[in-house]
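What follows is a set of notes on a single structure, which appears directly below.
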Amino acid sequence: MSEHFDVVVIGAGPGGYVAALKAGQLGAKTAIVEKHYLGGTCLNYGCIPSKALLSSAELIHQIGESEKWGVKVAGGVSFDWPAIQMRKDKVISGLRGGIGALLKGRKVTAFAGTAKLDGPGKVAIALENGEKHTITADNVILATGSSPIRIPGWPTDAQYVCTSDEAVHWQDLPKKLLIIGGGVIGCEFACMCREFGVEVTIVEMLPALLGVMDLDLGSGLLNVFKKRGITCHLDTKVQAMTVDNGIVKSVLSNGATLQTDRVLVATGRKPNTKDLGLETVGIAAGPRGFIAVDEFMRTAVKGYYCIGDANGKCLLAHAASAHGVVAVENALGHKKPFHAPVPAAVYTFPEIAAVGLSEEEAREQQLPISIGRFALSSLGKAMATNHTEGFVKVIRHRETDELLGVHMMGHNATECIAAAGALMHTRASVNEFSEVVFAHPTIGESLKEAAEDALGAGLHMAPRKLIKVAIGA
Ligand SMILES: Cc1cc2nc3c(=O)[nH]c(=O)nc-3n(C[C@H](O)[C@H](O)[C@H](O)COP(=O)(O)OP(=O)(O)OC[C@H]3O[C@@H](n4cnc5c(N)ncnc54)[C@H](O)[C@@H]3O)c2cc1C
């Protein structure tokens, strides 16, 4: 007879393993199935490896600028790529081991193999050792994540045309790199590779970098990239690509032809839902393969939940983990919807981070808004530490004082955004935001300054004209 579980989780990325830990914590008999590595994309091909590599790149960048601090580095800076890769691998394996230990600690049964739904309540596992095993469950949480999109018809040899899956583990660096896609992944790789001396070109079909974020962020980053010698072709598509004699030739819609020794395709991701046996339980994926869920992470079929990248709501690791907790709580009888604002972070240097509505989204919804801004060049901590590039932008509902969104480019933006996210989570007004006391000197003070500016009440900038504000209204 097959073993029965209260909760079975398929996929051990940041969605799945957190869901399994939560289920274990709540006393449920829990199993998790993973066909590859614990930690999923995030730990093995995404967030963690890319940030490990970026941290080496940022250090090079900072040393390159050391004279601005009055510090001289004799002989200039160099790097050891295999050592940088080795450090990254060590970080990954340490964290992977940590997840395994956490699962054990919560008495979660972990299966190494590929899971497939096999009719109501049944999950068939093709184990890594070649054996087949079937388990049953009251609740199944689909946490199978996503994979990078590869463009059909383009060369497939990853030495020449690759995705982020290969790029985070490159054995060597290209001399000339074309990055297709100026979204988060493309921009992070561009920023990183440039510091390692790679000649980088980005081709983006939208008119802006980071096109789905507030447009001021993308244009701020474009200026930074220009200064660093990263070429960006916006509003441009790659129409054809061939590999000839070890050189990749790419023909662009603006008439240019690029010759590079490698291409990184960073044009988006597709959900891993194709061979999951969804039809055996009556779940239909949407046209792009994502599995629709409601605010409780429930699919259309009772007892089946879908979290993280696979549901397409928000392709970020922390969203996946938050979905996982919500799915488990609902599966185990609590009624908990998910409405939390989810911050987004881009680990270029300077960093970029945002939470809530962009100016463009607020305008599209025809909301009456006022916008507060603060430039880091006016901030004491930014000047003291030589991190004056960037700004904060606060979007406020002019009539209700609701805090609609916060957008930041600047040093430590990905940390600073936590304050804005917490305030939005508690539905604080912009007035309340402006009353929060931030430590001085910190980069975070720029958030308060921008909130004050949205009220027309900023003190560290020239007075605004024509705005009347009822403080405390
Ligand atoms: C280069 C890069 C950088 C990124 N940086 C960030 C970042 O800085 N911050 C951030 O928030 N997000 C980042 N992301 C996105 C983040 O990695 C994903 O949003 C996150 O990993 C999604 O988590 P998940 O649990 O839904 O899926 P995944 O992490 O994709 O995990 C799904 C797991 O399910 C397994 N699986 C699939 N099918 C089966 C099956 N049938 N049986 C068993 N196992 C199966 C897979 O092997 C995988 O391990 C980045 C992504 C990339 C590619």
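FYI, it's all coordinate maths here, none of it is from the lab. This is a predicted model, so every value here is computed, not measured. Every residue, glycine among them, receives a Cβ derived from its backbone with ideal geometry; neighbour counts consider all protein chains shown.
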Original post:
Of all the Cα-Cα pairs you can form in region 144-276, what percent are over 21 Å apart?
Top reply: 38
Original post:
Quick one: Karplus J couplings for region 317-332, per residue in order, coefficients 6.51, -1.76, 1.60, θ = phi - 60°, nearest Hz, x for Gly and Pro?
Top reply: 4, 5, 5, 4, 5, 5, 4, x, 5, 5, 4, 5, 4, 5, 4, 9
**OP:** Could I get the Rg over Rh figure for region 349-459? Both from C-alpha atoms, Rh via Kirkwood, rounded to two places.
**Re:** 0.95
Original post:
By counting other Cβ atoms within 10 Å of each Cβ, how are Val18, Val437 ranked from fewest to most?
Top reply: Val437, Val18
Original post:
What is the ratio of the Cα radius of gyration of the chain to 2.2 N^0.38 Å, where N is its residue count, to two decimals?
Top reply: 1.04
Subject >> Helix-only [θ]222 nm of the chain, DSSP H runs n ≥ 4, -39500 (n - 2.57) each, per residue, nearest 500 >> reply: -9000 deg cm²/dmol
**OP:** Go from 0 up to the bin containing the longest alpha carbon distance in region 36-80, width 10 Å each, and give me the % of pairs per bin.
**Re:** 25, 34, 22, 15, 4
Original post:
What do you get for Rg/Rh of region 1-147 when both radii come from the Cα atoms and Rh is the Kirkwood radius?
Top reply: 1.19
Original post:
Hey, fewest Cβ within 10 Å first, where do Ser147, Ser321 land in order?
Top reply: Ser147, Ser321
**OP:** Arrange the following residues from fewest to most other Cβ atoms within 10 Å of their Cβ: His323, His318.
**Re:** His318, His323
Subject >> Descending semi-axes in Å of region 322-399, equivalent ellipsoid built from Cα gyration tensor >> reply: 33, 20, 10
Subject >> GluC sites (Glu not before Pro) restricted to DSSP loop in region 124-186 with at most 10 other C-beta within 10 Å >> reply: Glu131
**OP:** Rank-order 72-80, 443-451 by packing density, defined as the average count of other C-beta atoms within 10 Å over each peptide's residues, highest first.
**Re:** 443-451, 72-80
Subject >> Long pairs among Lys72/Lys227; Lys176/Lys381; Lys22/Lys393; Lys175/Lys237, criterion Cα-Cα beyond 26 Å >> reply: Lys176/Lys381; Lys22/Lys393
Subject >> For region 1-66 versus region 156-187, the gap between their alpha-carbon centres in whole angstrom >> reply: 22
**OP:** Under 18 Å Cα to Cα from Lys226, which aspartates and glutamates show up? Leave out anything in the same chain fewer than 8 places away.
**Re:** Glu58, Glu65, Glu188, Glu195, Glu199, Glu204, Asp216, Asp235, Glu351, Glu389
**OP:** Mind checking region 371-446 for trypsin sites (Lys or Arg not before Pro) that DSSP puts in a loop (not H, G, I, E or B) and that have at most 11 other Cβ atoms within 10 Å?
**Re:** Arg427
Original post:
In angstroms, what radius of gyration and Dmax does region 55-118 have, counting Cα atoms only?
Top reply: 20.7, 66
**OP:** For region 265-354, state which chymotrypsin sites (Phe, Trp or Tyr not before Pro) are in a DSSP loop and have at most 14 other beta carbons lying within 10 Å of their beta carbon.
**Re:** none
Original post:
Taking the radius of gyration and the Kirkwood hydrodynamic radius from Cα positions alone, what is the Rg/Rh ratio for region 356-419, to two decimal places?
Top reply: 1.05
Original post:
Rg and Dmax of region 273-374 over Cα atoms: what are they, in angstrom?
Top reply: 16.9, 55
Original post:
Under the Karplus relation 6.51 cos²θ - 1.76 cosθ + 1.60, θ = phi - 60°, what is the ordered set of whole-Hz ³J(HN,Hα) values for region 434-439, x standing for Gly and Pro?
Top reply: 5, 8, 5, 8, 9, 5
Subject >> Table column - 3J(HN,Hα) (Hz), region 203-217, Karplus curve with 6.51, -1.76, 1.60, x for Gly and Pro >> reply: 10, 10, 7, 7, x, 9, 6, 6, x, 8, 9, 3, 5, 5, 5
Original post:
Just from the alpha-carbon atoms, what are the Rg and Dmax of region 117-160 in angstroms?
Top reply: 16.8, 46
**OP:** Identify all lysines with a Cα-Cα distance to Lys88 below 16 Å; exclude those on the same chain that are fewer than 8 residues away in sequence.
**Re:** Lys51
